[in-house]
Amino acid sequence: MKHLIPEFEELKKRLPPGKNGTLVLPCLHRIQDDRGYIADEDITGLVEYLGVPRIQIEEVLSFYTMLRRKPIGRWHVQVCRNVSCSMRGAERLIDHVSRHLGVKPGQTTADGRFTLSTVECLGSCGTAPVVMVNERYHELQDAQSLDKLLGELTQQ
Amino acid sequence: MPEIFINGKPYQAEPDQTVLQVCRENGIYIPYFCWHPQLSVVGNCRICMVEEEGRGVDIGCNMPVKAGMRVLTESDEVKEHRKAILQFITLNHPVDCGICDKAGECVLQDYHYEYNGAPSISSDPKVRSTKFYDLSDRIVLDNERCILCSRCVRFTSEISKSCGLGIEERGDTSLVRPSTDGSFRNDAYSDNVVDICPVGALLSRSFFYKSRVWYLQTTPSVCPGCERGCSINVWHRKQEWHLQSLDTAENTSIARVTPLENMAVNGPWICNKGRDLAKIFERKRAEGAMAKGKPVSLAEAIAAARQLIVGAARPVALVSSWGSNEELEAFRSALGASFTSRVKADHQPEPGEVVEDDVLIRADKNPNSARARELFGTAPAVIPADADLVLVWGEGCDFSKIPAGARIILLGSYLAPENGHADVFLPISIQTERNGHYTNFQGVVSGFEACFPKAPGVVDAEAVFAGLGGAAS
Amino acid sequence: MTGRKILMDFEVTPTSHTLEAYAARGGYQTVSRVLREMKPTDVTKEVTEAGIQGRGGASFPAGRKWQVVDPHDGEPHYLLANADEGEPGTFKDRWILENAPHKLLESMLIAAYALGCRNTFVYIRGEFDLPYRRLQAAVEEAYKAGYFGEKILGSGFSCDIYVFRGGGAYVCGEASSLLASVEGIRGYPRNRPPRLTVKGLYQCPTVVNNVETLSNLAWILRHGAAEYRKVGTPKSPGTRLISISGHVNRPGVYEVELGYPWRKFLDEDCGGILGGRKLKAIIPGGISSQVLPGETAYELMLSHEALWDVNSSLGSGGMIAIAEGTCMVRLLQIMLRFYHHESCGQCTPCREGMGWAHRVIDRIVAGQGRPEDIDTLIRISKFNDGTTICGLGDAAGYATVDFIKHFRDEFEYFIEHKRSKNDGRLECLPEVANA
């Protein structure tokens, strides 16, 4: 993660001085954007850069659901299964995409392309069902539109 | 000085106190798991709730006192509340009491008996988790028993400052885990978490399955590991539980060592070296007096030693920094005039041992250097080249430094090759076999009491000095 | 038309969120005037007189929160806009972030000035996509135009803003958990005392306000507290953004003047219930607010006091309409699964209680319910009421108790017959599709 340090130094400009803890989540997000996950050596590098105890980083990594310590598929397909989405067909959608990809939620396809997850409310209830693929929200999804989307992603 | 009312009676409080602190000071007991007098307040166990009249219940450990407030600690609502919290804590807590070392000194057991006593209302299977997880080679963790009070985590963060422990994951799958940089393994105070864990989640490997605590008694003592002289409790078998057969060595062995709270010296903590005192005290003992390796009776040995002292022109004594205040005084009065005395450092830091830190550990690994130096000076323990008699009291003497022609009187407790080379060898008692006092580096005097009878053939150093004394006159 | 408009007072176009468009509508003139003509305590006074209540969930009056902070005590102060928006059913703050981010930014400047904050943050949930990009772009625009940074608009007031992304935890919507997150540790809520306005971020006086609450300030300071009071009801001044979803024909975000009739809102503005069905139940303000039977909702107006009167609340403004034929047991199952997943695990009642309640309802839905299970769910809820560090445990409890209170027959049926009274239905589909 050392090559990201100049970026991290930039972030400090709009933050109160001397509060290295505040950089923990922003740095972890950036490292994960860069590598796809957070490796042990990233933790070591971050501990050294910020001067925080290693256990703090390890606790944070296990607490926040968006952060991961292992790589996943190229496309992270996250289907919301909370109240409003379930009321508009999310459960059928999850079944469908699970069969379509051949994996259960929590698993990655054999070709490493897609990881399927079910997630909690994404704040998109009015345009349910919503599917988040990597950082993008795809709203008002149904089996057809999702098949189309996955087809497009397979080409990329 | 606000006045508050607890259960209808008035009490004086300090303005920055909490209700829990005022209750403790006045002997009113409120149950708690996560609160600890030396650690930050987290208020996560929720069992210390008390009722403030007109305002309902809230945790007492974080409730600031207000003049005139009226608190109830035993109202019906408080009692119902304690029952409810115990229902939650025991929801997934395994009923391991029969195989758990903590039984008999377990806060959860005590509270369940005192405040709840009712079986669980859940009919679902308990959530399973990791058992026998090695946090280090000294501490075992059982996550099923853990109630996530976070005392251990706060200890490593606030007291030992190793930041060795943390809590990973979320919700009821949260787990206490060690940092992967090994900082808990290297934490010289790690074993204190076993004391402060309110349940049997954190257990000491060296005490694992060794004994039920109700077979043991404690004797107050002082740790000899360094010049801090922390107050400790030495645990050993109660008289009435002494074994008559099988391994009777159990009757005179140290089951474990725990801190004895002493706010003037060590608070409620000790370092790991103090836990391992059996390693020092249970080495093989020297059990017979000898003259140049030949077993002799004690009387013969004392007589021979007296002869040597009378006949010496330039006798030098290396005084033990593990001698108690009483033994040092006995040496001074019996033999101080006859010898040029130097204080010896019986023990040096071992490789890998923490030398000094800003918590408890001091570089001088001897418990009574302060008093010894007070009586015998601070000159280094170098033996003059013209010495013709060297009296070595205790360990740590480099025998190669003794001038070639000099005679040696050796007072020692443990088996060592030097014992056979000395002109006279006298086997002396160790700390756990007698009463005495040490003076620590801050001048604080602490006492220790005998745990065990003297090993066979062993004699107190004080008696030896009395026997040798008056030789010069 | 759902009453007067304060936030949605412009036409949304592909560029209406930009600084240029906002400035053309009079944007940043209010903060200009405030910095020139008002003292910080004057601003707080205005906000207090306006009586605006928090729109994040607790409805606590913003002015009362602010009054604890003394802008001249010499300590650093912090202002954080809570854009964590994780309460299921709620998606109205994102409307502001996507379409009116400068309203938020100008309002935050006004608030920061009033509270003496050199540094401000928007804590935005990590998952948000377009709202984050629009907000970040707006921040850059604002800096470039000189609205943030040193000595803003020629005044002595300097202020920085940082958009802080969360890591995926519902509990971080709770103010003290949010601050823990910003401090770089696990999002564990904290006990009060001390209040955050006394010891908050880095142990300094801190105000955390919801995005919508803050975004109203530009209007309030422009038109004055008295004008604001003319909108809404005496006990619920102003408007609220309601995000409605579930079984309505036109789900979405609506700005509703408080006091507006609920029936009108549902039947006219939201296009009525899917398939012309009857409204069985409605969750008014996020799943942590108490569910109401449909008939009750139709009799009420949308205001804080009207809902408090029936032991419910407008909460986070996340309304979920539930049509006839929906299985309430399965709905509660989804909610308890959510709370179980999101419990931070710090305090005993919530940590153990959420898992316990989830396991019980899973068993009921799997056809293995026992008669005592309903009582157990209620007891778990009562044990969590007022005994936890934060409101997550209480919220789950209130939701559970009221679901059972109004729909007990469905729970009893499920336990006795080992299946749902409504075939486990969650969707509102035409009769034909419900095979």
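The values are calculated or read from the model by the stated rules, or taken from the named source; none is laboratory data. Here the structure is a predicted model, which is why all the values come from computation and not from measurement. Quick reminder, even Gly has a Cβ in these numbers, built from the backbone with ideal geometry, and neighbours come from all protein chains shown.
Within the set C:K235, C:K264, C:K230, C:K199, the sole residue that is among the charged types (D, E, K, R), closer than 30 Å to C:P76 by Cβ and at pLDDT 95 or above turns out to be C:K199. Note on segment C:89-136: residues that are among the basic types (K, R), buried (at least 24 other Cβ atoms within 10 Å of the Cβ) and part of a helix (DSSP H, G or I) total 2. Scanning segment A:67-100 for residues that are among the aliphatic types (A, V, I, L, M) and surrounded by 19 or more Cβ atoms within 10 Å (Cβ to Cβ) turns up A:L67, A:V77, A:V79, A:V83, A:M87, A:A90, A:L93, A:I94, A:V97. If you go through segment A:13-32 and keep only what is in contact with a Ser or Thr (Cβ under 9 Å, 6 or more places away or on another chain) and under 17 Å from C:D160 (Cα atoms), you end up with A:L15, A:P16.
Considering segment A:38-59, the residues that are β-branched (V, I, T) and either surrounded by fewer than 20 Cβ atoms within 10 Å (Cβ to Cβ) or farther than 24 Å from A:T108 by Cβ (or both) include one that is nearest to the other protein chains (Cβ to nearest Cβ), namely A:I55. A single member of C:Y113, C:Y78 is hydroxyl-bearing (S, T, Y), closer than 23 Å to C:G57 by Cβ, in contact (Cβ under 8 Å) with a residue 12 or more places away in the chain and in the same structural domain as C:G57 (by TED's automatic domain parsing), and it is C:Y78. In segment B:152-201, what count of residues is obtained for those that are of a type in the set (D, E, K, R) and surrounded by 20 or more Cβ atoms within 10 Å (Cβ to Cβ)? Looking only at that region, the number is 6. Looking across C:E410, C:E416, one residue alone is touching a Cys at 6+ places or on another chain (Cβ under 9 Å) and either surrounded by 24 or more Cβ atoms within 10 Å (Cβ to Cβ) or away from every other protein chain (no Cβ under 12 Å) (or both). It is C:E410. When segment C:156-174 is limited to residues that are over 18 Å from A:K19 (Cβ atoms) and more than 9 Å from chain A (Cβ to nearest Cβ), the one that is surrounded by the fewest Cβ atoms within 10 Å (Cβ to Cβ) turns out to be C:G156. Restricting attention to segment B:69-119, which residues are within 13 Å of chain C (Cβ to nearest Cβ), of a type in the set (G, A, S) and surrounded by 15 or more Cβ atoms within 10 Å (Cβ to Cβ)? The answer is B:A84, and nothing else. All conditions in (1) in contact (Cβ under 8 Å) with a residue 12 or more places away in the chain; (2) in a helix (DSSP H, G or I); (3) within 14 Å of chain C (Cβ to nearest Cβ) hold for A:T22, with the sole exception of (1).
When you scan segment C:227-241, do you find a residue that is within 14 Å of chain A (Cβ to nearest Cβ), more than 19 Å from A:L140 (Cα to Cα) and either crowded, with 21+ Cβ neighbours inside 10 Å or of a type in the set (A, V, I, L, M, F, W, C) (or both), even just one? Taking every residue of segment C:227-241 in turn, at least one turns out to be within 14 Å of chain A (Cβ to nearest Cβ), more than 19 Å from A:L140 (Cα to Cα) and either crowded, with 21+ Cβ neighbours inside 10 Å or of a type in the set (A, V, I, L, M, F, W, C) (or both).
The one condition from (1) within 23 Å of C:C390 (Cα to Cα); (2) more than 14 Å from chain B (Cβ to nearest Cβ) that C:R263 does not meet is (1). Closer than 25 Å to B:L175 by Cβ, surrounded by fewer than 18 Cβ atoms within 10 Å (Cβ to Cβ) and either under 19 Å from the mean Cα position of the chain (by Cα) or at the interface with chain C (Cβ under 7 Å from one of its Cβ atoms) (or both) - does that describe any residue in segment A:119-128? No. Which residue is nearest to C:A297 (Cα to Cα), if the candidates are limited to segment C:322-337 and must be facing another protein chain (nearest Cβ under 10 Å) and of a type in the set (D, E, K, R)? Per the stated criteria, the residue is C:R330.
For segment C:81-95, name all the residues that are within 7 Å of chain A (Cβ to nearest Cβ) and hydrophobic (A, V, I, L, M, F, W, C). Correct list: C:F91 only. If you filter segment B:35-68 down to residues that are of a type in the set (A, V, I, L, M) and more than 36 Å from the chain's Cα centre (by Cα), you find that the one that is nearest to the other protein chains (Cβ to nearest Cβ) is B:V57. Only a single item in (1) more than 10 Å from chain A (Cβ to nearest Cβ); (2) on the phi < 0 side of the Ramachandran plot; (3) surrounded by fewer than 24 Cβ atoms within 10 Å (Cβ to Cβ) is not met by C:L178, and it is number (3).
Here's the yes/no breakdown for (1) among the aromatic types (F, W, Y); (2) in contact with a Pro (Cβ under 6 Å, 6 or more places away or on another chain):
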| residue | (1), (2) |
| --- | --- |
| C:I161 | no, no |
| C:C172 | no, no |
| C:L178 | no, no |
| C:E183 | no, no |
| C:Y188 | yes, no |
| C:T197 | no, yes |
| C:T239 | no, no |
| C:H247 | no, no |
| C:V256 | no, no |
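The residue list B:A404, B:A385, B:A379 contains one member that is surrounded by fewer than 22 Cβ atoms within 10 Å (Cβ to Cβ), in the same structural domain as B:Q307 (by TED's automatic domain parsing) and either of a type in the set (V, I, T) or touching a strand residue (DSSP E or B) at 6+ places or on another chain (Cβ under 7 Å) (or both), which is B:A379. Quick one: would you say C:I374 is part of a helix (DSSP H, G or I), surrounded by fewer than 22 Cβ atoms within 10 Å (Cβ to Cβ) and over 28 Å from the mean Cα position of the chain (by Cα)? Criteria met by C:I374. Only a single item in (1) within 12 Å of another protein chain (Cβ to nearest Cβ); (2) basic (K, R); (3) surrounded by fewer than 24 Cβ atoms within 10 Å (Cβ to Cβ) is not met by C:K199, and it is number (1). Within segment C:158-189, restricting attention to residues that are of a type in the set (D, E, K, R) and touching a Lys or Arg at 6+ places or on another chain (Cβ under 9 Å), the residue that is nearest to C:E141 (Cα to Cα) is C:D160. Scanning segment C:307-319 for residues that are touching a residue at least 12 places away in the same chain (Cβ under 8 Å) and either of a type in the set (G, A, S) or surrounded by fewer than 17 Cβ atoms within 10 Å (Cβ to Cβ) (or both) turns up C:V310, C:N311, C:S312, C:S313, C:G315, C:S316, C:G317, C:G318. Restricting segment B:164-196 to residues that are over 30 Å from B:A363 (Cβ atoms) and hydroxyl-bearing (S, T, Y) leaves a set whose member that is nearest to the other protein chains (Cβ to nearest Cβ) is B:S174.
Elements of the type helices (runs of 4 or more DSSP H) sitting completely within segment A:39-156 and holding at least 2 residues that are closer than 26 Å to C:N82 by Cα: these cover A:54-63, A:83-87. For segment C:339-360, residues that are more than 9 Å from chain B (Cβ to nearest Cβ) and either modelled with pLDDT under 95 or surrounded by fewer than 24 Cβ atoms within 10 Å (Cβ to Cβ) (or both) total 1.
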